[in-house]
Amino acid sequence: MKAVIMAGGEGSRLRPLTCDRPKPMVPVMNVPIMEHIIKLLKKHGFRDIAVTLQYLPEQIKDHFGDGSRLGVKLHYYTEDTPLGTAGSVKNAESFLDETFLVISGDALTDIDLEKALKYHRDKGGLATLVLTRQETPLEYGVVITDEKGKITRFLEKPAWSEVFSDTVNTGIYVLEPAVFRYIEAEAKFDFSKDLFPLLMEKGHDLFGFVSPGYWCDIGNLEQYQQAHIDFLRGRVSLNLAEKEFEPGIWLGEGAVIEKGSRIEAPVVIGAGCRLRKGAVVKDFSVLGQNTLVDGDASIKRTVTWKGCYLGSRVELRGSVLCRGVQVKAASSLYEGTVVGDDSIIEENCRIKPNVKIWPCKRVEGGTCLNTSLIWGTRAGRSLFGRDGITGAVNLDLTPEMGARLGAAYGSLLQEGNSLVLGHDNCRSSRMFKEAVAAGLLSSGVKVLDLGQVVTPVARQAVLHLKTRGGIHIQSEGEEGPNSHIKFFDERGINLPRSLERKIEQTYLREDFRRIRGAEMGESIKIPEFTPRYLKKLMDSLDGEAFREAGFKLLWLYPTPYLYSKLVPFLQELNCEVVTLASPGSRPDSADVLRQAKESIVDKMRGSQSQLAFFLDGNGENLALFDHQGRLVAEEMYTVLVSLLLFQARKGEKVVVPVTIPSVVEKLAGRYQGEVFRTKTSLSSLMEEAAPDQFFLTFDAITSLVKILEYCARGRKTLADLMDAIPSFYLQKKQTPCAWKDKGRVMRRLIEDTRAGEVELLDGIKVHHPEGWALVLPDPEKPFYQVYSEAYSEEIADSLTDMYIEKIKDIQKQET
C-alpha cells in the first residue's frame, strides 16, 4: 500500500530546536519524529512511501536515504516554492495511482492506520479524515460529523466562541486519486482550507474516522516536552532502540551507569551515555546518545539530544538541550529552558524559566540569564585568557578547534615561515598537537615538531631554531580534564594581546589562507631538543662552585619525565637528589604545599637536605622550602628573584606586576635598584623583563640552578637570602562577580575612591594610610581578585574583606 509523508515543515514555533533542521528531523525519544511515522506506516502495511519536501530537504534525504534501513521504499518530491499541503501531495500524483494515505512527518501518533483504511473503504467516499478528541481544540481544525460519520461542518483554528466540538483534524487522510482533479497544479492549495470545502461544495461525501489512539502535532515547545512525558507515562506506543531493562527504565546499547549514580523510573538513557558517581537522573528525563552526566549532577524532567555534556553539580529542571550542548559545573537551568545546538553554558550560571538560547551561543560563567539569547554568539571573555587558551579536552578543545587555531595562526604568517610545536606527555596533548599541526600545514607554514618537551625548552627552541614563533600544548596534571595552549612569538615570549586578537578574529571569521596541495607546509621532526637546552644551561654555570658546595636537595613530587632529565644534570653538578613521592595527586597551588609543610620539613631533616624544591610538570613554576620550613612561592618567590637581581648588579631594573608587595621598593632602595611595575598579564611582564629576570621568572629549571649557583658562589643558604627580605603582610582573596556586573563594579569603585590616592594601571589600586588594596577583575572567570598589603596581617585581612563587601554590595544594588 502507498502513503505520503508531508515533510516540508519549517517548524518556526519550535525554534531554537528547528533553527538548523526541518521539523520532521527534530528528535523525539532519540530519533527524528519522521522515523516514528515511517515505522508506524510499515507496521500497518504501508511500505511504498512518497515524501514531500520543501525546507532543508537534503537533511531528510541524507538521513533516511531510500528507506531500506527501515524496511520501506522512499520516493522524494521537492517543492521549489511552498505549495500548501494539498499542492505538495499533487507533486507526487504520478506515484499515487491507487487509494493512498496522507500523514504528517512532524506529528507523533500511534493511531491504527489499518482501521482508518478499512473505514474509508467501507464508506466508499473520496476522502476520509482521521479525527481525535482534544480538550483544547483552538490550534486545530474542528470537525463535526453526523451519526453515520459524514462530515457536516469544520472550521480551521477557531476562537473559543466558534468552538462547536472537541473533535479535531489530525492531518491524516485516506484519499482516492480522483481528488487530484480538484487540486490546481503548481499553485498553493491546502487540504482543510481549499480542497475539502471544494469537495463538499461539489457534492462529494467526506467522512470522519474518530480514532482512540494517541496523536500530538508537536506544534510548540511545551507539546514537544509533553510528548516525551506521554511516552514515559505509557500514553503512546513507540518502537524504541533502547531496551526496557526494568519497568520504566530504558537503556541504550553501551550506556554506562557507574556505581554510586542513580536512575529512577521513568527515564530513557540513550546509547553510549555515561552517568558518573553521584549523578541522579529521574522524573521523565530522556538522555540522547553519548550524553555524559558528571558526578553529583541532578537531572529531572529534561530532554537532551546526542552528545551533550552535563557537568558536576549541574541542576536541570524541565529543560531541553539540543545536540552537543555543554552545561558546565554548578550551573542550573529551570523549567522551560531550551538551549540550541552546540551552545555552552559555563560554570555557575543560572538560566531562568522559559529562556531560549539559540544555537552556538556561549553563556559566560556566573551569568544569571533571564531573557532569551538570540543574536550574537557570546557575551564575555575572549578566546585567549591570561596565559594562552585553556579549556576542557574534547569539549572546549576539540580536534576541529585545534585545526582552526593552527590555520588562524598560520594565516597571519607568511607562507613558508616556520613554527615550533611541542607538547607534554599526555595523550590529549599529543592529539591536540596533531590537530594544530594540520591547520598550520594547511596554511603553508612549516612545522618543526619538537615532540615531548616542557614549556621553557619550547621557548628556547624558538630562539635556537630561529622560527617565527611556537605553540606548546600541555595538560592540567597527568591527563587532567583541562589543557592549555601557549603561543610564542619569535622571541619565545607570549604573544602580545594585539596578535592574540588577530588570531581570534581570523579564527571566528574562518578567514584562513587556502593554498594548493603542492604548496602545503611540511612537518619536520626535530631530534630531542632537551639535551641542547641543558647543555647550553650547563655551559652558563660555575661548575667549580657547584662541586665545592655539594648540595643535597629534596625534590618534592617529581614527574617521571622531569626526573629522568634533571637528576643526571644535577648529579653532574655534584648535587645529591632525594625525592618525596606525592601522596596522591600532585599539588596545584602553594596552599597545598603549605598544608604539606610538616611532612616536607621532616623529610628535609631526615635526609639532611639544605633546601627542598617543587617544579610544576611543565617546568614553568618553582617553589622552594628553606631548612627552617619557610615556603618561597608566588609573590614571595618574585620578591626573592628581585633580591637576587638587585644584589647581582648595582642599579638593576626589576619588573614586577602591580600585585607584588611594596617590599621590592624597599629592596631597590637598599641596593640602588629600580622597580618598574606592569599589568598582571604574562605578556606585559615578558615584554619588559630583561633576559636574566625572564629566565628566573618563567623558566623554573633555569631558576633552580641559578639560585643554587648564587648560593654556592656566595657560600649562602636559602635561609640567608630569606633573612635579607623585610617582613611584609600580603593578603589575597577572590569573590564571585557575574560578567554582566563587572563593568558596573569597576565604575562604582572608581567613583567611590576618586578622592583618594588611586592607581589604574591594572584594576583599581587604592592606597590607605595603613597599606593598599588592589581590586582586579579576573580575565577568565566570573570573579574579582582582591589583594592587600599592610603593616600587620590583621589590617591586610580587614582591607581585603572591606573591598569584597563593597563588590558584593554593588552587585546587590539595582542598575
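Brief remarks on what is shown
- Criterion: free of Cβ contacts under 8 Å to residues at least 40 places away in the same chain and not hydroxyl-bearing (Ser, Thr, Tyr) - qualifying residue of ILE49, ILE33, ILE38, ILE60: ILE38
- Of all the numbered requirements in (1) assigned to a loop (DSSP other than H, G, I, E, B); (2) without any contact (Cβ under 8 Å) to a residue 12 or more places away in the chain, PRO568 misses one, and that requirement is (1).
- When ARG427 is tested against (1) touching an Asp or Glu at 6+ places or on another chain (Cβ under 9 Å); (2) surrounded by fewer than 20 Cβ atoms within 10 Å (Cβ to Cβ); (3) within 19 Å of LEU534 (Cα to Cα), just one condition goes unmet, and that condition is (3).
- Residues located in segment 176-192, provided they are touching a helix residue (DSSP H, G or I) at 6+ places or on another chain (Cβ under 8 Å) and either outside any loop (DSSP other than H, G, I, E, B) or crowded, with 23+ Cβ neighbours inside 10 Å (or both): VAL179, PHE180, TYR182, PHE191, SER192
- Of all residues in segment 649-678, those satisfying the criterion of being part of a strand (DSSP E or B) and open to solvent by less than 30 Å² (accessible area, probe 1.4 Å) are VAL654, VAL655, VAL656, PRO657, THR678.
- Contact map, segment 76-89: residues that are at positive phi paired with residues that are open to solvent by 10 Å² or more (accessible area, probe 1.4 Å) and in a loop (DSSP other than H, G, I, E, B), Cβ distance under 7 Å, separation 6+ or inter-chain. Pairs shown: GLY84/LYS188; GLY84/PHE189; GLY84/ASP190.
- SER483 vs. criteria closer than 25 Å to THR680 by Cα and surrounded by fewer than 17 Cβ atoms within 10 Å (Cβ to Cβ): no
- Qualifying residue in segment 67-78 (condition: among the β-branched types (Val, Ile, Thr), within 19 Å of VAL31 (Cβ to Cβ) and either open to solvent by less than 80 Å² (accessible area, probe 1.4 Å) or at pLDDT 95 or above (or both)): yes
- Failed condition for LEU553, given (1) under 26 Å from ILE473 (Cβ atoms); (2) open to solvent by less than 10 Å² (accessible area, probe 1.4 Å): (1)
- Residue satisfying all of: in segment 327-372; over 12 Å from PRO782 (Cβ atoms) and of a type in the set (Ser, Thr, Tyr); nearest to the chain's Cα centre (by Cα) among these: SER343
- Residue within segment 398-419 that is surrounded by 18 or more Cβ atoms within 10 Å (Cβ to Cβ) and over 23 Å from ARG514 (Cβ atoms) present: no
- Within segment 177-214, the set of residues being touching a Leu at 6+ places or on another chain (Cβ under 8 Å), small (Gly, Ala, Ser) and under 25 Å from ASP122 (Cβ atoms) comprises ALA178, GLY208, SER211.
- Residue list for segment 309-330, restricted to those being open to solvent by less than 30 Å² (accessible area, probe 1.4 Å) and closer than 17 Å to LYS356 by Cα: LEU316, GLY318, SER319, VAL320, LEU321, CYS322, GLY324, VAL325, GLN326, VAL327
- Screening LYS808, LYS812, LYS781 for residues that are of a type outside the set (Asp, Glu), without any contact (Cβ under 8 Å) to a residue 12 or more places away in the chain and out of contact with any His (no Cβ under 6 Å at 6 or more places or on another chain) leaves exactly one candidate, LYS812.
- Those strands (runs of 3 or more DSSP E) of segment 722-815 in which at least 1 residues are surrounded by fewer than 17 Cβ atoms within 10 Å (Cβ to Cβ), considering only elements entirely within it, cover 729-736, 757-759, 764-768.
- Subset tally (residues that are charged (D, E, K, R) and not in a loop (DSSP other than H, G, I, E, B)) for segment 705-721: 4
- Selected residue (only one of ASN574, ASN618 is under 25 Å from THR530 (Cβ atoms), open to solvent by 40 Å² or more (accessible area, probe 1.4 Å) and in a loop (DSSP other than H, G, I, E, B)): ASN574
- Here ARG509 clears all of (1) within 28 Å of PHE384 (Cα to Cα); (2) open to solvent by less than 100 Å² (accessible area, probe 1.4 Å); (3) not polar (S, T, N, Q) except the condition numbered (2).
- Selection within segment 291-312 - within 16 Å of VAL268 (Cβ to Cβ), assigned to a loop (DSSP other than H, G, I, E, B), out of contact with any helix residue (DSSP H, G or I) (no Cβ under 9 Å at 6 or more places or on another chain) and charged (D, E, K, R): LYS306
- Listed conditions (1) open to solvent by 20 Å² or more (accessible area, probe 1.4 Å); (2) farther than 30 Å from VAL453 by Cβ are all met by GLU688, apart from (2).
- Selection status of SER498, within 26 Å of VAL393 (Cβ to Cβ), of a type in the set (Ser, Thr, Tyr) and surrounded by fewer than 20 Cβ atoms within 10 Å (Cβ to Cβ): no
- Checked against (1) modelled with pLDDT of 90 or more; (2) more than 22 Å from GLY9 (Cα to Cα), THR109 meets all criteria but (2).
- Residue under evaluation SER237, criteria (1) out of contact with any helix residue (DSSP H, G or I) (no Cβ under 7 Å at 6 or more places or on another chain); (2) hydroxyl-bearing (Ser, Thr, Tyr); (3) buried (at least 22 other Cβ atoms within 10 Å of the Cβ), criterion not met: (3)
- Residue check for ALA438: in contact with a helix residue (DSSP H, G or I) (Cβ under 9 Å, 6 or more places away or on another chain), surrounded by 21 or more Cβ atoms within 10 Å (Cβ to Cβ) and not β-branched (Val, Ile, Thr): no
- Some residue of segment 281-290 being more than 19 Å from LEU316 (Cα to Cα) and not in a loop (DSSP other than H, G, I, E, B): no
- Filter result for ILE37 (more than 24 Å from TRP358 (Cβ to Cβ), at pLDDT 95 or above and assigned to a strand (DSSP E or B)): no
- Residues in segment 493-507 that are touching a residue at least 12 places away in the same chain (Cβ under 8 Å) and either more than 19 Å from GLY402 (Cβ to Cβ) or not charged (D, E, K, R) (or both): ILE493, ASN494, LEU495, PRO496, ARG497, LEU499, ARG501, ILE503, THR506, TYR507.
- Taking segment 274-302 as the range and being open to solvent by 10 Å² or more (accessible area, probe 1.4 Å) and within 23 Å of VAL28 (Cβ to Cβ) as the test, the residues that pass are ARG274, LYS282, ASP283, PHE284, GLN289, ASN290, LEU292, LYS300, ARG301.
- Hits in segment 195-234 - residues which are hydrophobic (A, V, I, L, M, F, W, C) and open to solvent by less than 10 Å² (accessible area, probe 1.4 Å): LEU195, PHE196, LEU199, LEU206, ILE218, ALA227
The values are calculated or read from the model by the stated rules, or taken from the named source; none is laboratory data. This is a predicted model, so every value here is computed, not measured. Using ideal geometry, Cβ is built from the backbone for each residue, glycine included, and neighbour counts are taken over all protein chains shown. These area figures cover heavy atoms from the full protein model, side chains too; ligands, DNA and RNA do not enter into them. Shrake-Rupley method; radii C 1.70, N 1.55, O 1.52, S 1.80 Å.
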